[in-house]
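Enquirer: Please find one structure pasted underneath; my questions will follow.
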Amino acid sequence: MAAPGRPDLRSLSRAGLGSLLEGLGEKPYRARQLYRWLHQKGASTLDEMSDLPAGLRARLAEAARLPELARAAERRSVDGTIKWTWRTEDGKLVESVYMPEPGRKTLCVSTQAGCAVGCTFCMTGTMGLSRNLTPGEILDQVARANRRLAELGEGEPPRPLTNLVFMGMGEPLHNYDAVKAALEVLLSEDGPNFSNRHVTVSTSGVVPAMRRLGEETDVKLAVSLNATTDELRSSLMPLNRRWPLAELLEACRSFPMKKGRRITFEYVLLGGVNDSDEDARRLVRLVRGIPAKVNLIPYNENPGLGFRAPERQRLESFLEILVSKSVTAVVRKNRGRDIAAACGQLAAEGGPGDPRRAAGNAPLTPRAPLG
């Protein structure tokens, strides 16, 4: 968390930077310069900001802070996926994942250290919630990834990334204000300038915040569904006891579909649990009338959680039922499974998903600084 007193520059809005600089006796145009250095060029230190006078940089260093996530580990998959473990200023560990595909370079972003939702099939759910990430910590995951990818020759600086998915550690809508603040920066012309069509925020079903997201942003929504009855969904996802399927689906039907948006329903297929033909037929009925597509995700098996991946025949039958009923559905590739970077596998401290407990994983404190 940001220390009390001096504000974190990366967490301040454009207006907040303006107020800070005004208090330092600076002209309004300095706010745009500072904002662009922080968010478009991804500067990690004030010294990099070469067109800001040295005196101003010195005063900024006294009045504010510019903390940076420390790269604790970097692991690469055979499929090109990269998982980074970041250490925050107060020692929390969070993860983000880079997934390259032809014509698309996507970063999966975390919004919390841990997660309070407690989905029983998800490694992050074993951690519990440590705390929310600040807007600056969310934004720095993107900035650090962009800089590292440019170093690795994965694209041209300052922004190799093309797409963002808020599907990492944590429930984004439980940290709504910080996520919204980060989105405003990420979509801004003087920031990274991502297209709203290329940014997706996922939720396990925090109904009250879904409408706010739809009304206050232009990004896309993904809903982690994973079951077609309240009894099963409540056992898999305790959040369903607060907002059961009827309320969740009604929130989806009333979600503002401006600019051609449609909802993505994420459905993790758990072998012998939610992958029957009847489950598929119920899913068709649940999503009927909602502009949507369904991402089917074969479960990535995690030791100690008691679930298994579906058999290939079950997966194919489930998909065929959806497609035969005119539901747009695809099977999502599981990227980075060999480095515990696939869907449901992120867990950086505590619980059985802690990479420090898993044999063969890279240590979280590398022998030499990674920068």
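The values are calculated or read from the model by the stated rules, or taken from the named source; none is laboratory data. A quick note: this is a predicted structure, and the numbers were derived from the prediction, not measured. Quick reminder, even Gly has a Cβ in these numbers, built from the backbone with ideal geometry, and neighbours come from all protein chains shown. Areas reflect the complete protein model, heavy atoms only, side chains present, ligands, DNA and RNA absent. Shrake-Rupley method; radii C 1.70, N 1.55, O 1.52, S 1.80 Å.
Enquirer: Condition (residue is among the hydrophobic types (A, V, I, L, M, F, W, C), modelled with pLDDT under 95 and open to solvent by 60 Å² or more (accessible area, probe 1.4 Å)) applied to region 47-68: is it met by at least one residue?
Expert: Taking region 47-68 as the starting set, the residues that turn out to be among the hydrophobic types (A, V, I, L, M, F, W, C) are 49, 52, 54, 56, 58, 60-61, 63-64, 66.
Still in the running and modelled with pLDDT under 95: none.
No, region 47-68 contains no residue that is among the hydrophobic types (A, V, I, L, M, F, W, C), modelled with pLDDT under 95 and open to solvent by 60 Å² or more (accessible area, probe 1.4 Å).
Enquirer: Filter region 242-259 down to the residues that are under 19 Å from L286 (Cβ atoms) and part of a loop (DSSP other than H, G, I, E, B), then identify the one that is least open to solvent (accessible area, probe 1.4 Å). Walk me through it before giving the result.
Expert: The first filter runs over region 242-259 and keeps only residues under 19 Å from L286 (Cβ atoms), leaving 242-255, 257.
From the residues that got through so far, the ones that are part of a loop (DSSP other than H, G, I, E, B) too are 242-244, 254-255, 257.
Numbers: R242: 140, W243: 32, P244: 36, S254: 44, F255: 9, M257: 58 Å².
Only one residue fits best here, namely F255.
Enquirer: Does region 130-139 contain any residue that is at pLDDT below 95 and within 26 Å of V268 (Cβ to Cβ)? Spell out how you get there, then give the answer.
Expert: We begin by selecting, within region 130-139, every residue at pLDDT below 95; these are 130.
From what is left, the residues that are within 26 Å of V268 (Cβ to Cβ) are 130.
Yes: region 130-139 contains one or more residues that are at pLDDT below 95 and within 26 Å of V268 (Cβ to Cβ).
Enquirer: Output the residue which, of all residues in region 120-133 that are open to solvent by less than 20 Å² (accessible area, probe 1.4 Å) and part of a loop (DSSP other than H, G, I, E, B), is farthest from S195 (Cα to Cα).
Expert: Residue satisfying both the conditions and the ranking: F121.
Enquirer: Tell me, which residue of region 299-345 that is charged (D, E, K, R) and at pLDDT 85 or above is least open to solvent (accessible area, probe 1.4 Å)?
Expert: Out of the qualifying residues, it is R314.
Enquirer: Another question about this same structure. Take the residues in region 23-46 that are among the charged types (D, E, K, R) and farther than 22 Å from P135 by Cα; name whichever of them is surrounded by the most Cβ atoms within 10 Å (Cβ to Cβ). Break it down stepwise before answering.
Expert: Restricting attention to region 23-46, the residues satisfying the condition of being among the charged types (D, E, K, R) are 26-27, 30, 32, 36, 41.
Filter again for farther than 22 Å from P135 by Cα, leaving 26-27.
Details: E26: 19, K27: 9.
Once the filter is applied, the top-ranked residue is E26.
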